[in-house]
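Participant: Structure in structure tokens, see below.
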Amino acid sequence: MCGIVGYIARKQNPNSLKLGIEALKRLEYRGYDSAGFAFWDESKKDIFCQKAVGRIAALEEKANGAVNAAALAANPLILHTRWATHGGVTESNAHPHFDCQNNIYLVHNGIVENYKELKEMLQKEGHQLHSETDTEVIAHLVEKFFQGNLEEAVRKALPLVKGSYGIAVIAKKDPNKLVAARLSSPLLLGLGENEYFIASDPSAIIAHTNKVIYLDDGEIVTITPDNFSILKEKKPEEIEWKLEDAQKGGYPHFMLKEIMEEPEAIENSIKGRLLVEEGMAKLGGLQEVMTRLRNTKRMLFTACGTAFYASLVGRYMLEEYAGIPVEADIASEFRYRKPIIDENTVLLCVSQSGETADTLAALKEMKMKGVLTMSVVNVVGSTIARETDAGVYNHIGPEIGVASTKAFISQLTIMALLTLLLGRQRNLSLIKGQRIAQDIMALPEKARIILAQEAPKIKAIAEKYYKHNNFIFLGRKYNYPIALEGALKLKEIAYIHAEGYASGEMKHGPIALADENLPFVFIVPQDSVYEKVISNLQEVKARKAPVIAIATEGDEKIKELVDDVIYIPKTSEMLTPILAAIPLHLFAYHMGVLRGCDVDKPRNLAKSVTVE
Ligand code: G6P
């Protein structure tokens, strides 16, 4: 949601505007509805600002007509993609926002919670505000304190702002400076060769540098062409992603590329962590809290969206094999409950981006209460990763498709590793641990088999069903969350109304809907609840509903019961969700493509949801 890029070069770079726009495009996946930029034009000794509603391409087109060649060396430059929260999707609400004197230009991610009070105060002081946004008040606050030094003005303005922000600011009357700051909204400083960047995530700048400094809450960085200064001295870190990771690599969509990377996502999640002989997992990021983990009596999982479904699967795994009571809650609800906690309770936050506002809010609530906090996060250096006491990184490279796919598979894999680790600390025997570890080890190959053998079949099934506007997904025990995930993906990607249900619960409601027009997807591997799910399936079939089954390879009986079958290789019961989710991701992808949807950037959705 919302993206910020900032750029300042040591020497005039004639391509800086182009470079900035390319960097901004790499943030498109976060979701946005309008875009804009502002830069110091040395040739005119003025700031040039341009905004457009819609795609960055529209902004680019406008800029091509308006910017003369001399101005292409925009320096410094700030750019922004906006996701409307306060005020409609209009050009005047798009960023950058500016003050009364067209001196201060500012881009902002986050929310100014007290913007109404600030607006009133500023208006009383004579400021003219022209947008409906919360952001604009910050530009006017900086104006209020501006006396020739931008950094000083920002420093004085920010304490008045309540809420969250990542900002980048430039000023006409202090032109060779870019000032940026953050509070509960991600922002990093990229250190290139003779150039500096500001970005809300590494994908924007990875083409130019892998040396970054992640800003901490409350920090303000001032960058000039020659140097930068942060309130606190910090050492640069290296981004481990490669540029290719953030490109489509020959695939028509990021979503397809990322689904095809699911086997590799499992491999990367277990690399160096799975000890098959010992039937154990070693998770470096948890080493420091191992003693506290051994004493854990209860775990609370919290997450949003797909990551929440990974948490639900984790609950089944940990309760069955580690004997630890687990509660899994949607983060936006969790913080309003009063969960019973004691010194042996552990909170686990699951988040691909590590920036989801609801998850972060739940985390902060629990931190305040003194609970040991852990995370499973993909984006290194993200806020949740840094705010938790300990954690496990997914290590799967950037996920660009807005709807999470390979990160989900990785989250499930890490849940399995965590189960081994905590299980073996408790009652899980060596033999059982070894068997699970061997089965985890075999997962990447099995995932590859699904993608190679079943992919054409999945596409054909999508072609058969893509005109249906309603679907029901059913699964039981470990695969109940996978039914939820299958339905969520179809909603997000193909804009089809789909419901996920616990298959045993079907008879208490959804069965009333069953007829020849409503397709059902059953996740029915041969596991401990197989027979029960089969009887649910037969009830649906008796009412003439079309049924697609995700079943275990070799299950011939199922062919006679259903209309279409997608097979997954056999594995231990607790790992079936990892394999069952793969065909459902691919199914949603094909359904979305067939219905002409923007599968990488579905309407109204954002990759990283930084508002509550
Ligand atoms: C958004 C994305 C989902 C994701 C959810 C949680 O809604 O579109 O794909 O599952 O946020 O994101 P997180 O980064 O916390 O995993």
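The values are calculated or read from the model by the stated rules, or taken from the named source; none is laboratory data. Because the structure is predicted, anything quoted here is derived from the model rather than measured. In this analysis, Cβ positions are derived from the backbone assuming ideal geometry, glycine residues included, and neighbour counts consider all displayed protein chains. Heavy atoms of the whole protein, side chains included, go into the accessibility calculation; ligands, DNA and RNA do not. Shrake-Rupley method; radii C 1.70, N 1.55, O 1.52, S 1.80 Å.
Participant: What percent of all Cα-Cα pairs in the stretch 1-158 falls in each 10 Å bin, counting up from 0?
Facilitator: 11, 40, 36, 12, 0
Participant: With each pseudo-label sitting 7 Å past Cα toward Cβ, what's the ASN344-ASN114 distance in nm, one decimal?
Facilitator: Going by the 7 Å Cα→Cβ label model, 4.3 nm.
Participant: Same structure again: How much of the calculated P(r) for the stretch 521-612 lies past 24 Å, in percent of all Cα pairs?
Facilitator: 36 percent
Participant: If you don't mind, there's one more thing I want to ask. Average the reciprocal distances over every distinct pair of alpha-carbons in the stretch 189-321, invert the result, and give the Kirkwood radius in Å.
Facilitator: For the stretch 189-321, inverting the mean 1/r across all distinct Cα pairs yields 19.1 Å.
Participant: Next up: log₁₀ I(q)/I(0) of the chain at q = 0.07, 0.10, 0.12 Å⁻¹, via Debye over equal Cα point scatterers, no solvent, to two decimals?
Facilitator: Scattering profile of the chain, log10 relative to I(0): -0.46, -0.89, -1.17.
Participant: From the phi angles alone, apply the Karplus equation (6.51, -1.76, 1.60; θ = phi - 60°) to the stretch 437-444 and give each ³J(HN,Hα) in whole Hz, x where the residue is Gly or Pro.
Facilitator: For the stretch 437-444, the Karplus curve yields 4, 4, 5, 5, 4, 7, 4, x Hz.
Participant: So, one more: I want the antiparallel fraction of DSSP beta bridges within the chain, as a percent rounded to 5.
Facilitator: Counting DSSP beta bridges with both partners in the chain, the antiparallel share is about 60 percent.
Participant: Over the stretch 248-428, what is the percentage of antiparallel beta bridges among all DSSP beta bridges, to the nearest 5?
Facilitator: 10 percent
Participant: Considering every pair of different Cα atoms, what Kirkwood radius, in Å, is found for the stretch 503-564?
Facilitator: Here the Kirkwood hydrodynamic radius works out to 11.6 Å.
Participant: Starting from 0.36 nm per residue, how many nanometres of slack lie between ASN149 and GLU288 once their C-alpha separation is accounted for?
Facilitator: Extra length from ASN149 to GLU288 when fully extended: 45.6 nm.
Participant: Over the stretch 1-109, what is the relative contact order in percent, taking alpha-carbon pairs closer than 8 angstrom and at least six residues apart?
Facilitator: Rounded, it is 37 percent for the stretch 1-109.
Participant: Kindly state, to the nearest 0.05, the FRET efficiency for LYS156 paired with ALA58, given R0 = 41 Å and r defined as their beta-carbon distance.
Facilitator: 0.70
Participant: Oh, and also: How much of the accessible area of the chain, in percent, comes from carbon and sulfur atoms when a 1.4 Å probe is used?
Facilitator: 49 percent
Participant: Still on this model: Skip the ligands, DNA and RNA, and give the accessible area per residue of the chain with a 1.4 Å probe, whole Å².
Facilitator: 37 Å²
Participant: Find the Cα radius of gyration of the stretch 21-68, compare it with 2.2 N^0.38 Å by division, and give the number to two decimals.
Facilitator: 1.20
Participant: How would you order 80-91, 489-500 from highest to lowest mean count of nearby Cβ atoms within 10 Å?
Facilitator: Those peptides, ordered most packed to least, come out 489-500, 80-91.
Participant: While we're looking at this one, here's another question. Give a residue-ordered list of calculated ³J(HN,Hα) values for the stretch 399-407 (Karplus: 6.51 cos²θ - 1.76 cosθ + 1.60, θ = phi - 60°; whole Hz; x for Gly, Pro).
Facilitator: Values per residue, Gly and Pro as x: 10, 9, x, 4, 7, 5, 10, 5, 5 Hz.
Participant: Just need the relative contact order of the stretch 450-600 here, percent rounded to a whole number, with Cα pairs under 8 Å and 6+ apart.
Facilitator: 32 percent
Participant: To continue, here is another question. Taking Cα atoms of the stretch 348-389, Rg/Rh with Kirkwood Rh, to two decimals?
Facilitator: 0.92
Participant: Further, regarding this structure: Given the Cα atoms of the stretch 248-428, and with Rh set as the inverse mean 1/r over their pairs in the Kirkwood sense, what is Rg to Rh to two decimals?
Facilitator: Taking Rg over the Kirkwood Rh, I get 0.96.
Participant: Let me ask something else. Using the alpha-carbon centroid of each, what span in Å lies between the stretch 323-360 and the stretch 78-156?
Facilitator: Between the Cα centres of the stretch 323-360 and the stretch 78-156 lies a distance of 34 Å.
Participant: Could you rank the peptides 110-122, 367-379 by their average count of other C-beta atoms within 10 Å per residue, with the highest value first?
Facilitator: 367-379, 110-122
Participant: Quick query: amide H of LYS570 versus all other amide H atoms, modeled in the peptide plane; which residues come in under 5 Å with a sequence gap of 5 or more or a different chain?
Facilitator: For LYS570, the qualifying residues are GLU553.
Participant: Something else about it: With the convex hull built on the Cα atoms of the stretch 428-484, state its orientation-averaged projected area in nm².
Facilitator: The orientation-averaged projected area of the Cα hull of the stretch 428-484 comes to 5.6 nm².
Participant: Shifting gears a bit: Could you tell me the relative contact order of the chain? Use alpha-carbon pairs under 8 Å, at least six residues apart, and round to a whole percent.
Facilitator: Computed value for the chain: 12 percent relative contact order.
Participant: Tell me the Rg and the Dmax, in Å, that the Cα atoms of the stretch 450-600 produce.
Facilitator: 13.8, 39
Participant: Separate question: Beyond a 26 Å Cα-Cα separation, which of these cross-linked pairs lie in this structure: LYS18/LYS491; LYS62/LYS172; LYS119/LYS173; LYS177/LYS607?
Facilitator: Violating the 26 Å Cα-Cα cut-off are LYS18/LYS491; LYS177/LYS607.
Participant: Using the Karplus curve 6.51 cos²θ - 1.76 cosθ + 1.60 with θ = phi - 60°, what ³J(HN,Hα) values do you get for each residue of the stretch 540-557, in whole Hz, with x for Gly and Pro?
Facilitator: Karplus-based 3J(HN,Hα) across the stretch 540-557 equals 5, 4, 4, 9, 6, 6, x, 10, 10, 10, 9, 10, 7, 3, x, 7, 7, 4 Hz.
Participant: Beta carbons within 10 angstrom, averaged per residue: use that to sort the peptides 402-414, 279-291, 208-220, 127-139, highest first.
Facilitator: Taking the mean over residues of other Cβ atoms within 10 Å, the ranking is 402-414, 127-139, 208-220, 279-291.
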